[in-house]
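Notes to accompany the following structure.
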Amino acid sequence: MLKKTATALGLGFGLALAMSSTALAGGTVKVGLILPLSGQFADTGAQIERGVKLYMQEHGDEAAGKKIELVVKDTGGPNPDVAKRLAQELVVRDKADIIAGFGLTPEALGAASVATEAKKLMVDMNAATSVVTEKSPYIVRTSMTIPQVNYAFGKWAAEQGIKHAYTIVADYGPGHDAEKSFAKGFEEKGGKIVGADHSPVANPDFSAYVQRIKAANPEAVYIFIPGGAQPAAIGKALAEKGLTPPDTKILAQGELTLPEALQSMGQTAKGIITAFHYTLERDDPLNKKFVAAYEKANNGRAPDFFSVGGYDGMHLIYAALEKTKGDASGDALVAAAKGMSWESPRGPISIDPETRDIVQNVYIREVKEVDGKLQNVIIDTIKDVKDPLHGAK
Amino acid sequence: MIGNLIVVLFDGFAFGMLLFVLSVGLSVTLGLMNFTNLAHCAFGMLGGYCVVVAMRSLDMPFLLALPLAFIIAALVSVAFERTIFRRLYRAGELNQVLLTIGLVFVAAASFAYFFGTGQQPIVLPDYLQGSVEIGTLRFGAYRIFLVVMALLIAGLLVVGLEHTRFGARIRAAVDNQRVAQGLGLDVDSIFAVTFALGSGLAGLGGALAIEIVGLDPSFGFHYLVYVLIVVAVGGLGSIGGSFVAAALLGIFDVTGKFFVPDIGAFLIYLFMVVLLFVRPLGLFGKR
Amino acid sequence: MRTERAISGPAATWLKKRNRISTVEIAFWLTTLLPFVLFPSYLSLASQIAIAALFALSVDLVLGYAGIITLGHAMFFGLGAYAAAVLAKHGWGEPLTGLLAAALIAGVAGFVTSFIIVRVQHLALIMITLGLGLLTYELANSFSSITGGTDGLSVEIWPVLGIFDFDLWGYTAYGYALAALFIGVLAARRIVNSSFGLALTGIRENSARMPAIGSVYRVHLQKIYVISASMAGVAGALLAETTGTVSLDTLSFQRSADVVVMLILGGTGRLYGGIIGAIIFLVARDRLSDLNPQYWYFWIGLLLMAIVLVMPGGVLGGLARLFQRNAK
């Protein structure tokens, strides 16, 4: 009896799959967008969605003669179980052809098996742990990886003659990745890490950690913390204790100097050096146009690296569809995406054909006052950086 | 080393004072009125957004925006108290939990809708930025301000609740509603005013917190745990208890993180669990 | 159950009567089979509802029946989830033994913490459960070599009974979770309708009095706490197995709070309250977030507030009152 039911279920499943592939032949391609749109990471999801929508607004809702239809789902994350269920539902109920979004690494990992099983293209528009793209042959990433930015940054910092650095990172996966890759790059070029602290992920007050740094009195401090409330909090704690450039060099991944954080840190932020793959103020016609359109569409809110991840993710989908002449099957789209390269608001980017991961410039920026406004001004560019961890293990 | 220790103790104390202002109002509503108000931090969030709007759109100075945060949070909370909360004073804590959690959801969604999900930075006046140097030690100017504010609030509350006629009325009304009513006290309005006071203080706390912990629509959930910890450790209904508990928690958390940074995330919870196991009524709780 | 001493006479008949399965219950369980035929594309949602319902049932045992208000039960849920996932990570992906391991680990954790739990009451009790839950969360974050830290673990789970593979639609996931929930309810109703269950209710109503009539109330409380912890662990393991992933959020305060909300929503101390609450909360959440992915929780909030104001005591409490009034 049991076996019979199992076979019947299998049959039903097969039929449904067959039906879903005939639905494909119609004129639409459905893109399921899985994002954290509520809860503590709501802003991440909202910015990615705005990036996606802006691309569709600029380029119309047609690619290769197919109508592109967006289905947006909220995980309330971090919730890998919900992300996986949403991915399943998108495939079986909404008959989505492509799943995309993924604001957080655990959610991308949760949904990866669905992409493999259903053979659907999965576009990672944010989740930044190296390993994500290795979890399914159908995953392509359009955001960044933490080692990509920070390994290059570590090398750069040592090459500038910085000898000793103290690192402080948020105590979770991405923080540990950042700490390791920065230290690796820094030490390879002769730098020395003189202290390493981990602050709790939901740390409201940084005074204790900053006081530790002050007691060690290092030449430079390297910081990695998630966006949100923490950049301003640690920035202000540093200033309060007098740990500001040029006396102490402050190095960080770009989150530290996002516009809201700069506004709240004020003049004390001047001289902070950050590395990032997207710079709002980068002087480039494409970027200027992108920023203006984005602010216009969103009530003055500026785009950030989340937005550009969503925007480029959508470009990848459109361009891949054009290349496959509208064939939305996962295998065709992944094949089309491999090796693709284009000019993004963040600069030239491409998809590594071997790892399906993004290759892009890492910009080194310094906070300076331009026309009375604090900005991240690019002082150096490291070209075509790949994630250093893929294939390293 | 001694210098480090002094600064760390001060930072911890100042952080504790922020916790105090955020939570003392809950100590009043939960401890005195016996109403489990999990939406306490939602009123704090309201105060925070009031300051943001006042400073940005109305160009109000920070110090003037603070009382505004208090007043608006108090007024809005009275509106809720009169229409909804009062129906549940005798409905048991579980119903109160469900209702106020519902309110937190509604508040978070509303603020996200009107202000977006991003951080809302404010720019403080110059005299509250940077630090004050005493000898070789540096103390954050804003932290000094926080400590002064907290001491002021604690003083006013203790005097107000324990040494004035109005305070005596509140205590009488919450101790025994029936008798108080029999004696001609208007218990209804006393409850409303007490509730307004509690939520107003939350609003003020939310406003003061922006500079240290930031402000976004998840504030109402995020700081609920801290606030509950302070109230439980201090003991229900005890203003002095909340003050001591907040100070101890702040100091323990910050010094702990300074000396043993690796267990930074555990400290505050460990402190609470051990303390409540030894003293289930909290430091100064009576029942 | 050892505590169930052989009792006879009218008390025994009364207990037996309470233990009888009603037609409403049979109808309810038949309805739970409908998604297989009517809404196959909602099966993965249905499986997560069944899991949340089992979790809520475990909380009902301590909260509704023994009066222990907990804001940290995700601790056991998460431990169970990690137990199953870590086992699978190390090459043993058999689901049923995974559930057993989860029940065992969560039960042991429940036993250890029960010594603290039964010694405190009221706000201190709530806060200690909360604190222990948060400490467990931080521990799991620290031991990232075992737990995978924030990234969590993704694991390979073998077919249930060696036959039913976890499919994309969720047929297996729902069947598996539903069976577990059914067994959980059977076990729970046996417990609450035994003399042990009555003793618990007595403790909830008046904890000072029970020792006076010779009830060893702390031991009773510890026992139900351990049972509840195991059940929560099984629920966690079900989630890990049906999704093939586990991460820190299984241990989070959010999960502890959500389950209590579901339980109060449905009605405490009624066995089916958690199930009804889980269905209402998660279906409403799914539908509302589909309509409005950004601000759905506004409507959820309104729903919760409305239910408290219209039906204090939860949906089942409200219905019970309605029936009583009509019967009069």
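The values are calculated or read from the model by the stated rules, or taken from the named source; none is laboratory data. In this text, all values refer to a predicted model and were calculated from it rather than measured experimentally. Glycine gets a Cβ as well: all are built from the backbone with ideal geometry, and neighbour counts include every protein chain shown.
Table: residues versus (1) more than 14 Å from chain C (Cβ to nearest Cβ); (2) in a helix (DSSP H, G or I); (3) modelled with pLDDT of 95 or more.
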position: B:Tyr49; (1), (2), (3): yes, yes, yes
position: B:Arg56; (1), (2), (3): yes, yes, no
position: B:Asp59; (1), (2), (3): yes, no, no
position: B:Leu68; (1), (2), (3): yes, yes, yes
position: B:Ala74; (1), (2), (3): yes, yes, yes
position: B:Ala91; (1), (2), (3): no, no, no
position: B:Leu98; (1), (2), (3): no, yes, no
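For the stretch C:88-98, give me the residue count where each residue is of a type outside the set (Ser, Thr, Tyr), surrounded by fewer than 23 Cβ atoms within 10 Å (Cβ to Cβ) and out of contact with any strand residue (DSSP E or B) (no Cβ under 7 Å at 6 or more places or on another chain). Qualifying residue count for the region: 6. The set of residues from the stretch C:29-45 being part of a loop (DSSP other than H, G, I, E, B) and closer than 14 Å to C:Tyr176 by Cα comprises C:Thr32, C:Leu33.
Within the stretch A:345-352, the presence of a residue that is over 29 Å from A:Ala64 (Cβ atoms), within 21 Å of the chain's Cα centre (by Cα) and surrounded by 18 or more Cβ atoms within 10 Å (Cβ to Cβ) is excluded. For the stretch A:189-208, the count of residues that are without any contact (Cβ under 8 Å) to a residue 60 or more places away in the chain, more than 14 Å from chain B (Cβ to nearest Cβ) and closer than 30 Å to B:Leu9 by Cα is at least one. All conditions in (1) within 24 Å of B:Val158 (Cα to Cα); (2) crowded, with 23+ Cβ neighbours inside 10 Å hold for B:Gly214, with the sole exception of (1).
Apart from one condition, B:Leu208 fits all of (1) more than 19 Å from the chain's Cα centre (by Cα); (2) assigned to a helix (DSSP H, G or I); (3) not β-branched (Val, Ile, Thr); the exception is (1).
The residues in the stretch B:257-273 that are surrounded by fewer than 22 Cβ atoms within 10 Å (Cβ to Cβ) and over 23 Å from the mean Cα position of the chain (by Cα) can be counted, and the count is 5. Of the helices (runs of 4 or more DSSP H) lying entirely inside the stretch A:276-375, the ones with 3 or more residues being basic (Lys, Arg) are found at A:285-297. Filtering the stretch B:19-38 to residues that are touching a Gly at 6+ places or on another chain (Cβ under 7 Å) and buried (at least 24 other Cβ atoms within 10 Å of the Cβ) leaves B:Leu19, B:Val21, B:Leu22, B:Gly25, B:Leu26, B:Ser27, B:Val28, B:Thr29, B:Gly31. Residues that are at pLDDT 90 or above and within 19 Å of A:Phe305 (Cβ to Cβ) within the stretch A:177-231 comprise A:Asp177, A:Ala178, A:Ser181, A:Phe182, A:Tyr222, A:Ile223, A:Phe224, A:Ile225, A:Pro231, listed in sequence order. Before we move on, is B:Thr136 surrounded by fewer than 22 Cβ atoms within 10 Å (Cβ to Cβ), of a type in the set (S, T, N, Q) and more than 7 Å from every other protein chain (Cβ to nearest Cβ)? Yes, satisfied.
Candidates A:Glu134, A:Glu107: the one that is at pLDDT below 95, assigned by TED's automatic domain parsing to the domain that holds A:Ile68 and surrounded by fewer than 24 Cβ atoms within 10 Å (Cβ to Cβ) is A:Glu134. Put simply, of A:Ile223, A:Ile168 the only residue that is touching a helix residue (DSSP H, G or I) at 6+ places or on another chain (Cβ under 9 Å), away from chain B (no Cβ under 12 Å) and assigned to a strand (DSSP E or B) is A:Ile223. Here C:Ala88 passes the criteria (1) part of a helix (DSSP H, G or I); (2) more than 29 Å from C:Gly244 (Cα to Cα); (3) among the small types (Gly, Ala, Ser); (4) within 14 Å of another protein chain (Cβ to nearest Cβ) except the one numbered (2).
For (1) away from chain B (no Cβ under 11 Å); (2) closer than 26 Å to A:Gln88 by Cα, each residue gets a yes or a no:
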position: C:Gln222; (1), (2): yes, no
position: C:Leu238; (1), (2): yes, yes
position: C:Gln254; (1), (2): no, yes
position: C:Ile264; (1), (2): no, no
position: C:Ile279; (1), (2): yes, yes
position: C:Arg287; (1), (2): yes, yes
position: C:Gly318; (1), (2): yes, no
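Residues that are touching a strand residue (DSSP E or B) at 6+ places or on another chain (Cβ under 8 Å) and in contact (Cβ under 8 Å) with a residue 12 or more places away in the chain occur in the stretch C:246-265; there is at least one.
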